[in-house]
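One structure is given below, encoded as structure tokens.
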Amino acid sequence: MHSNEANTDTLRYLNARNDANLANVAKDTMSMLKERQQTLVKYLSQVENREIQVSEKVKKLWSEKLDATNVILTVLVDADKAESELDEGAKANRHAFFKTAKQAWEVNLAGILVQLSKEMAGPYSLGNDCHISKRHGTNVGLKGTSTRLQTCTSLVGCQGLRASAEGMLTTMVRRLSRRLKTTLEG
């Protein structure tokens with residue numbers, strides 16, 4: 001769930017597979033992306049002017065994030081224009097954006113959900129320390145994810161707690177997969 005393929009920021013910015021969706025994404029994310037762009041430019045200029053010191057690895061990360069932000073902004077700036085109004089370069093960028101969005105949602109995320117569904121099986125998928133969850137009866141964190149599932153104190157024993165949480169997760173993954181498939185087909 002914490003991989004690049006399931007990065008919620010990336011999926012948010014790439015949540016458009018047609019012109020109508022692109023306009024909505026632009027409206028929702030442009031200001032935040034511009035702020036990110038300004039911040040990254042500021043940080044990189046501070047590094048160049050030796051105002052701050054960072055490792056080459058951090059400098060490279062900031063440069064890559066700036067490049068990715070610039071690519072997305074290039075497409076989103078023209079989101080309110082019809083494709084017929086765009087020049088050839090902007091059309092190519094928009095098509096590449098839609099292709100990347102399709103890849104992110106239909107292939108990458110789907111693969112992560114299938115992998116998560118397979119990995120979240122078995123009696124120890126929630127770890128060995130479920131007695132803490134049972135005692136407090138509030139939230140159970142799923143191994144390897146930031147997802148939280150509400151559980152109740154009436155569940156008896158770790159096996160019942162695990163089975164309940166796994167069942168809820170399986171149901172959530174199936175529903176999300178169906179919604180994703182419906183959205184992509186629609």
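Side notes on the structure shown:
- Between Glu88, Glu83, the distinction of being over 22 Å from Ala6 (Cα atoms) and either in contact (Cβ under 8 Å) with a residue 40 or more places away in the chain or of a type in the set (Phe, Trp, Tyr) (or both) belongs to Glu83 only.
- If you check Ala82, Ala104 for being assigned by TED's automatic domain parsing to the domain that holds Arg12, farther than 20 Å from Thr8 by Cβ and of a type in the set (A, V, I, L, M, F, W, C), only one passes: Ala82.
- Test: residue in region 7-14 that is at pLDDT below 90 and not in a helix (DSSP H, G or I): yes
- Residue in region 81-93 that is under 17 Å from the mean Cα position of the chain (by Cα), in a helix (DSSP H, G or I) and of a type outside the set (D, E, K, R) present: no
- Residues (surrounded by fewer than 16 Cβ atoms within 10 Å (Cβ to Cβ), among the small types (Gly, Ala, Ser) and assigned to a helix (DSSP H, G or I)) located in region 24-60: Ser31, Ser45
- Those residues of region 8-57 which are within 15 Å of Asp78 (Cβ to Cβ) and among the hydrophobic types (A, V, I, L, M, F, W, C), in sequence order: Ala16, Ala20, Leu22, Ala23, Val25, Ala26, Met30, Leu33
- Region 40-76, residues that are without any contact (Cβ under 8 Å) to a residue 12 or more places away in the chain and within 30 Å of Asp19 (Cβ to Cβ): Glu64, Asp67, Ala68
The values are calculated or read from the model by the stated rules, or taken from the named source; none is laboratory data. Computed from a prediction, not measured in an experiment: that's the story for all the values here. Using ideal geometry, Cβ is built from the backbone for each residue, glycine included, and neighbour counts are taken over all protein chains shown.
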